[in-house]
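First up is the structure itself, then whatever we jot down about it.
The values are calculated or read from the model by the stated rules, or taken from the named source; none is laboratory data. Worth saying up front: this structure is predicted, and the values here are computed from it rather than measured. FYI the Cβ positions are ideal-geometry reconstructions off the backbone, even for glycines, and counts take in every protein chain you see.
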Amino acid sequence: MQKFTYCVPTEIIFGKDTERECGKMVKRHGGKKVLIVYGGGSVRHSGLLERVEHSLEEEGISYVECGGVTPNPRLSFAEMGVKKGIEEGVDFILAVGGGSTIDAAKAIAHGTANPGVSLWDIWTKKESLTKTLKVGAVLTISAAGSETSDSAVLTNEATGKKLGLGTELNRPVFAIMNPELTYTLPKYQIGCGIADIMMHTLERYFIPDQKNRMTDEIAEGLLRTVIDSGRMAMKRSDDYDAMSELMWCGSLSHNNLTGLGREKDFSVHKLGHALSARFDCAHGATLASVWGAWAWYVWERDIARFAHYAKQVWGIERDEISAAKEGIERTIAYFEEIGMPTSISGLGIGVLEDETLKELALDATMNDTVRLSLIRPLSAEDVLEIFR
Ligand code: NZQ
Ligand code: ZN
């Protein structure tokens, strides 16, 4: 086990009707004027936004709305939110929605606390970030884990780059997690969420240093839980138990718990981000579309690890080589079962020209300056093969 620090300060309020606690939570964190950030309208249609606002009013907290975050949130939206936050003199940012909304809220918090500083300079670390506003989250989709994670992802539409920012200042101060709020999700979004949750743990699992039993057991238990609950959720999106498991797994999968004591490796995410930046595809779908090709490209470098995964997660006990292969096949088949694409052509963006795939490979590897995947370091040429 390597050295690690584990600190997840986000207070979690989990269960039915918990959105009614929103006002009390904001008040406890000193918020007097709140910017409510939300997406394309699902929270207005479901009545959630109204309940959240009522809860703020009950505590005498004033608020202004900032709606319209798109999936794969854009830098320009966050900049607009920063302008509004500064003009309105808000002191707290409340995200009501999914990963895109929470990420936009985090960006707005950073920009509002640092007036006059370019948000993209903060994002690309040209400017160091030392302060931010407090962010709270009311989660409506189990997927990205942004409600407790130290990361946020923005797309700069001018440069076509989708980039994550990792900092402890990204952790929300509280996360309200009511699984009932996810009942209205379309099946495709539930599938995307399941793929993303699995991937946050898988990206921490296929790592060379493996003397880490406790972390492995947590990771494997989480993956089994997501796989089973995901099946139930795909049948009935109002299954409270299944949606609860997914929601809790979504947070635990990406707050670093499932990778403690070893490196992490977000190589499949880099490939997915290149696809989303270019074609605006749903995040989880991009990950499912490339994971299989990635696994077949790297598995022979650590057959024992893939066999262990097959045994612990899929219950496959055979000789190492055939178990490793079957574990990959079962994972791909599961993605198909939950309606996820398992190749780029399944993303609905047509068949891509080789020239386009080369550009995507260069984007994923920062013009071939970084190597992805610790298990088998991947150059732009390798990534191109995976995309092909
Ligand atoms: O915008 P609205 O109208 O709310 O609709 C959303 C959106 O269209 C809809 N939705 C959400 N909750 C709903 C609902 N529809 C009906 N009922 C509900 N209860 O679902 C669509 C997708 O929402 P989005 O927020 O984009 O989904 P997700 O949570 O998957 O977030 C994806 C974003 O998070 C980033 C991704 O790259 C992507 O930009 N990630 C953020 C991470 C982080 N901050 O730690 C880590 C992840 O790896 C990921 O990169
Ligand atoms: Zn992800």
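Among the candidates Leu287, Leu260, the residue that is under 16 Å from Arg204 (Cα atoms), of a type in the set (A, V, I, L, M) and away from ligand 1 (no atom under 12 Å from the Cβ) is uniquely Leu260.
Against the test of being surrounded by fewer than 17 Cβ atoms within 10 Å (Cβ to Cβ) and either in contact (Cβ under 8 Å) with a residue 24 or more places away in the chain or not small (Gly, Ala, Ser) (or both), the options Gly41, Gly31, Gly47 yield a single qualifying residue, Gly41. Restricting Ser244, Ser237, Ser276 to residues that are assigned to a loop (DSSP other than H, G, I, E, B) and surrounded by fewer than 23 Cβ atoms within 10 Å (Cβ to Cβ) narrows the list to Ser237.
Against the numbered list (1) in contact with a helix residue (DSSP H, G or I) (Cβ under 9 Å, 6 or more places away or on another chain); (2) charged (D, E, K, R); (3) within 14 Å of ligand 1 (Cβ to nearest atom); (4) over 26 Å from Arg20 (Cβ atoms), Glu180 comes up short only at (4).
Inclusion of Ile122 among residues that are more than 23 Å from Leu287 (Cβ to Cβ), assigned to a strand (DSSP E or B) and more than 14 Å from ligand 2 (Cβ to nearest atom) is not warranted. Assess whether Lys131 counts as being surrounded by fewer than 24 Cβ atoms within 10 Å (Cβ to Cβ) and assigned to a helix (DSSP H, G or I). No. Among the residues of this structure, Ala152 counts as one that is within 30 Å of Ala233 (Cα to Cα), in contact with a helix residue (DSSP H, G or I) (Cβ under 8 Å, 6 or more places away or on another chain) and either more than 15 Å from ligand 2 (Cβ to nearest atom) or in a strand (DSSP E or B) (or both).
Scanning segment 198-221 for residues that are part of a helix (DSSP H, G or I), away from ligand 1 (no atom under 15 Å from the Cβ) and aliphatic (A, V, I, L, M) gives Met214, Ile218, Ala219. Looking at (1) within 14 Å of the chain's Cα centre (by Cα); (2) within 14 Å of ligand 2 (Cβ to nearest atom), can you tell me which one Trp248 breaks? The one condition Trp248 does not meet is (2). Considering Thr112, Thr140, the condition of being touching a strand residue (DSSP E or B) at 6+ places or on another chain (Cβ under 8 Å), in contact (Cβ under 8 Å) with a residue 60 or more places away in the chain, more than 22 Å from Gly250 (Cα to Cα) and among the hydroxyl-bearing types (Ser, Thr, Tyr) is satisfied by Thr112 alone.
Screening the candidates Thr130, Thr101 for the property of being modelled with pLDDT of 95 or more and within 16 Å of ligand 1 (Cβ to nearest atom) yields one hit, Thr101. So, in segment 59-80, of the ones that are within 12 Å of Val34 (Cα to Cα) and of a type in the set (Gly, Ala, Ser), which residue ends up nearest to ligand 1 (Cβ to nearest atom)? Result: Ser62. Among the residues of segment 95-149, those that are hydroxyl-bearing (Ser, Thr, Tyr), closer than 23 Å to Gly230 by Cα and in contact with a helix residue (DSSP H, G or I) (Cβ under 6 Å, 6 or more places away or on another chain) comprise Thr140, Ser142, Ser146, Thr148. Pairs meeting the criteria (first residue in segment 349-377 and on the phi > 0 side of the Ramachandran plot, second residue surrounded by 12 or more Cβ atoms within 10 Å (Cβ to Cβ) and not in a helix (DSSP H, G or I), beta carbons under 7 Å, at least 6 apart or on different chains) are Asp368/Ser379; Ser373/Asp265. Within segment 69-101, the set of residues being buried (at least 18 other Cβ atoms within 10 Å of the Cβ), in a helix (DSSP H, G or I) and more than 23 Å from the chain's Cα centre (by Cα) comprises just one member, Gly85.
All of Glu329, Glu300, Glu336 fail the test of being without any contact (Cβ under 8 Å) to a residue 12 or more places away in the chain, out of contact with any helix residue (DSSP H, G or I) (no Cβ under 6 Å at 6 or more places or on another chain) and within 24 Å of Ala380 (Cα to Cα), apart from Glu300. Those residues that are more than 6 Å from ligand 1 (Cβ to nearest atom) and surrounded by 24 or more Cβ atoms within 10 Å (Cβ to Cβ), I need them from segment 140-154; list them, please. Residues satisfying the conditions are Ser142, Glu147, Thr148, Leu154.
The residue that is nearest to Glu168 (Cα to Cα), among those in segment 224-234 that are within 16 Å of ligand 1 (Cβ to nearest atom) and surrounded by 18 or more Cβ atoms within 10 Å (Cβ to Cβ), is Val226. Taking (1) within 21 Å of the chain's Cα centre (by Cα); (2) among the small types (Gly, Ala, Ser); (3) not in a helix (DSSP H, G or I) in turn, Ala104 satisfies each apart from (3). Pairing each residue of segment 259-281 that is over 18 Å from Leu154 (Cβ atoms) with any residue that is aromatic (Phe, Trp, Tyr) and part of a loop (DSSP other than H, G, I, E, B), provided the two are 6+ apart or on different chains, yields C-beta distances under 8 Å for Leu260/Phe4; Leu260/Tyr6; Gly261/Phe4; Asp265/Phe206.
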